[in-house]
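Below is one structure; the comments refer to it alone.
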Amino acid sequence: MTVLRRLSIRLFLSYLAIVVISAGVVFATARLIAPTFFQENLENIDSRTTTTLAPTGSTVGPGASTSTLTPGSGGPPGTTTPAGPGSTQPPGTPPGPGPTSGSSATTGPGTTQGPGSSQPGPGATTRSGTTTTTTTNRSGTTTGSGTTLQGPTTSLPPSSTGTTNTTTHAHGRDAAPTASTAGVLSVLAASPNTAELVPDDEVNEAFRSALETALLVAFAIGILVAALLALIVSRRIMLPIELVRDTTIRLARGQYDERVPVPAEQELAALARDVNTLAATLENTEQRRARLISDVTHELRTPLTTIEGYMEGLIDGVLEPGEQVFSVVADEAARLKRVVADLGLLSRIDEGVLTLERGPVDPYLIATTVAERLQPQFSDQQVELVTDGEDGLLIGGDEDRLAQIFTNLIGNALTHTPPGGRVSVIGKRVDGWVSIEVTDTGSGIAPEALERIFDRFYRAPGTDRRGSGIGLTIARSLARAHGGEVEASSGGPGRGATFTVRLPSA
């Protein structure tokens, strides 16, 4: 999984968590503040009626009285309305004679009351001021009880006069009961002897308004919480990215020693490490470039200085024109030409534009051919040359470029082997690879020099400065162009060295 994909998943999970947390904050806030807003809205309702209730245990029957909770009735709370047997009280009928004490209306059997009056039958009992309410319709008496009466409004069948009696809700702790009324009312507040009634539609409106206000406040708080969490998450993620961006800008300006602090997050840590690796590579490349320029300058300066000195001697008459002078100048010019040619070849290899003429070839046979061509030089330096290898070690490669590899390696071995020494060329097949080993008994290589032996223009301390200084670099680059490798090993100074060329078998 790529760094960007892991980072995208991390962002998605982070913002999903923010949404869940914000939703929880909205729910908890609304649940906490909605009752407060509802209570405030109830206190602000103007349409309310205070009604005095009859004492608990009053008996309603022929000639008895009952509490009437009728807002807007013919008289204020506390008036009495007598009714004789068989009389009829239409809506709005003024109270008759025969007042009694308390807030009651005298009724007899068969009395029909208009909307807003109680209609108890013979022997019915109203326990006003407690949590028991009694309502009466055509079919008899219905009683509901409980500490708090809450629930939907119960509509009773029409009475004999065609009016409809409705039982109201009872809200609140220890709320007093309501009697049959001509409208839908709710008990807002109650005491043992009084009840405060409000229209039910205004209670519903108060609840709806409180809920809307609570939701608005809760959503505002939820948005603030979400914004704060998003800011924290974004800052935590964007800070390392900003550091990476700043570092890459400085790298582009050539400040290759810059590094990015590695954060704790795995995805961003991987990105920071990649940028640091890039910075280290660029720094190493810049160091190699500077060293290359210095080495090339040195390699070119030496033969140019030699040629310049001889030419000045000839001009000033210090040197006589002769074969020796011309031979030195020719050798230094050839060295310059070789350095320039090798640099051009190495540049083409590095750019990947070198064309290989591949075909079935035997690298061991090519190595022995090179060794035979160099045999006169081995004889002049009194160095023994030994070849030994298997037949048929075929690969797909460029014969000329492979010959260049073995020329550099065998020539390098001859250069560092003193008279009486030996150079061996051995070819074999190892695990699907063709291996050609060039081993000498020469000066050897120090362990610290093995790491840089293939660098351009690198020369181990104590070695002469013959050659271009990039022969081993070219040999490794050409082997890699064939899909192979060149490796060096040595037992240390004075113990010889072995250069192994590994190429993929055909």
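Please treat every number below as a calculation from the coordinates, not as lab data. Remember, predicted model here, so these are calculated numbers, not experimental data. Glycine also receives a Cβ, built like all others from the backbone with ideal geometry; neighbour counts cover every protein chain displayed.
Here are the numbers:
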{"quantity": "Estimated distance in nm for a label pair at GLU487 and VAL262, the labels positioned 7 Å out from Cα along Cα-to-Cβ", "calculated": "2.8"}
{"quantity": "Relative contact order of the range 359-504, defined on C-alpha pairs under 8 angstrom at six or more residues apart (%)", "calculated": "24"}
{"quantity": "Long-range amide H partners of LEU197 with built H, under 5 Å", "calculated": "THR49, THR50, THR51, LEU188"}
{"quantity": "Quarter of the Cα convex hull surface for the range 405-506, i.e. its orientation-mean projected area (nm²)", "calculated": "6.4"}
{"quantity": "Protection-proxy order for peptides 359-365, 406-412, 23-29, each taking the mean of Cβ atoms within 10 Å per residue, highest first", "calculated": "406-412, 359-365, 23-29"}
{"quantity": "Calculated log₁₀ intensity ratio I(q)/I(0) where the Debye formula runs over C-alpha points of the range 293-350, q = 0.26 Å⁻¹", "calculated": "-1.01"}
{"quantity": "Protection proxy ranking of 36-43, 349-356 - average other beta-carbon atoms within 10 Å, highest first", "calculated": "36-43, 349-356"}
{"quantity": "The range 192-349 - percent relative contact order, Cα under 8 Å, separation 6 or more", "calculated": "13"}
{"quantity": "Backbone HN-Hα couplings from phi across the range 13-19 [Karplus 6.51/-1.76/1.60, Hz, Gly and Pro as x]", "calculated": "5, 5, 6, 5, 4, 4, 4"}
{"quantity": "Net lengthening on full extension, ARG253/ARG208 (0.36 nm per residue, minus Cα-Cα)", "calculated": "9.8 nm"}
{"quantity": "Rel. contact order, % - alpha carbon contacts under 8 angstrom, at least six apart, the range 266-351", "calculated": "28"}
{"quantity": "Cα centroid separation, the range 295-332 to the range 340-397 (Å)", "calculated": "32"}
{"quantity": "Nonlocal amide H pairs with ARG422, under 5 Å, H built at 1.01 Å", "calculated": "GLU384, THR441"}
{"quantity": "J(HN,Hα) series, the range 444-452, from Karplus relation 6.51 cos²θ - 1.76 cosθ + 1.60, nearest Hz, glycine and proline x", "calculated": "x, 10, 5, x, 5, 7, 4, 6, 10"}
{"quantity": "Cα→Cβ-extended label distance, 7 Å offset, between PHE12 and GLN382, nm", "calculated": "7.9"}
{"quantity": "Approximate spin-label separation LYS337-ARG31, in nm, with each point projected 7 Å along Cα-to-Cβ", "calculated": "9.4"}
{"quantity": "Cβ-based charge dipole, the range 359-504, positive-most Cα from LEU450, VAL383, VAL361", "calculated": "LEU450"}
{"quantity": "Net charge, ASP246 excluded, C-beta distance under 15 Å - Lys, Arg +1, Asp, Glu -1", "calculated": "+1"}
{"quantity": "Cα gyration tensor category, rounded, prolate or oblate, for the range 316-390 with a/c compared to 1.5", "calculated": "oblate"}
